[in-house]
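Below you'll find the structure, written out as C-alpha cells, and then a few comments.
The values are calculated or read from the model by the stated rules, or taken from the named source; none is laboratory data. For clarity, every value in this text was computed on a predicted model and none was experimentally measured. Glycine gets a Cβ as well: all are built from the backbone with ideal geometry, and neighbour counts include every protein chain shown.
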C-alpha cells in the first residue's frame, strides 16, 4: 500500500480520507481546523502540523479544499505542501478550482514532481460509499500511477492532460445546472 498525505478534511475530505485509510494505505492527514483530524487519528492516521509536514516522505499527496484561495494557501503558503514534494512524488488536487488554478499551481512544483488534477462529482454519502465520479487530468504515465489510489474513491475517468479534469468538472457542473433548470421549467409549465 502507498504512503499518502491527505489535506482538507471538510465534508467531502473526511469520508474520502477514511476510505483511503480503510483500503490499507499509510495515511497522514492535515486540516486547518485540527479537531477535524481526530476521527482519522483514532482510525490509525498520523496527524501533521502543517501541509509540508504532511507531505514529507509521502508517495502521493492529495488536496481536497473548498476554494482556489484555500488551495493556494495550503499548497504554496509559508508551510505549504510544495515545500515537501520533489522528484518521484505525486500531487493530486481533487478540489473544484478550474484549470487555470491547477496549471498555475503546477508551475510552482519542482521538476520531477508529478501534478494531477482529479476533481470529483458526488455527494457526501457517495464519498463514504466510494461512488464518486473522478475526472482525471494527467499524462498517461501519471494517470496509471494514480488510478489504483483513486479507484478506492469511485469511478475514475482519464479525460486528458493536466487541467483537463478541472475543465471537465466545470462542464459537468454546467450540464447539471442546465438539467436542473430544465426540470424546474418543466414542472412550472406542468
Index of the failed condition, residue 49 passing every other in (1) assigned to a loop (DSSP other than H, G, I, E, B); (2) crowded, with 17+ Cβ neighbours inside 10 Å: (2)
Evaluate region 53-65: report whether one residue or more is in a helix (DSSP H, G or I) and free of Cβ contacts under 8 Å to residues at least 12 places away in the same chain. no
Positions within region 23-36 being in contact (Cβ under 8 Å) with a residue 24 or more places away in the chain, out of contact with any helix residue (DSSP H, G or I) (no Cβ under 8 Å at 6 or more places or on another chain) and outside any loop (DSSP other than H, G, I, E, B), in sequence order: 26
Looking at 24, 57, 44, which is the one that is surrounded by fewer than 24 Cβ atoms within 10 Å (Cβ to Cβ), closer than 15 Å to residue 80 by Cα and at pLDDT 95 or above? 57
Residue 69 being in contact with a strand residue (DSSP E or B) (Cβ under 9 Å, 6 or more places away or on another chain) and in a helix (DSSP H, G or I): no
Boolean, residue 160 is under 15 Å from residue 117 (Cα atoms), surrounded by 20 or more Cβ atoms within 10 Å (Cβ to Cβ) and at pLDDT 85 or above: no
Only one of (1) in contact (Cβ under 8 Å) with a residue 24 or more places away in the chain; (2) under 24 Å from residue 124 (Cα atoms); (3) in contact with a helix residue (DSSP H, G or I) (Cβ under 7 Å, 6 or more places away or on another chain) fails for residue 47. Which number is that? (1)
From the list 75, 116, exactly one residue is over 23 Å from residue 37 (Cα atoms) and either in a strand (DSSP E or B) or within 16 Å of the chain's Cα centre (by Cα) (or both). Which is it? 116
Of the residues 155, 125, which single one is modelled with pLDDT of 95 or more, part of a strand (DSSP E or B) and surrounded by fewer than 17 Cβ atoms within 10 Å (Cβ to Cβ)? 155
Does any residue of region 96-113 turn out to be in a strand (DSSP E or B) and in contact (Cβ under 8 Å) with a residue 24 or more places away in the chain? no
Being in contact (Cβ under 8 Å) with a residue 24 or more places away in the chain and part of a helix (DSSP H, G or I) narrows it down to one of 39, 87, so name that one. 39
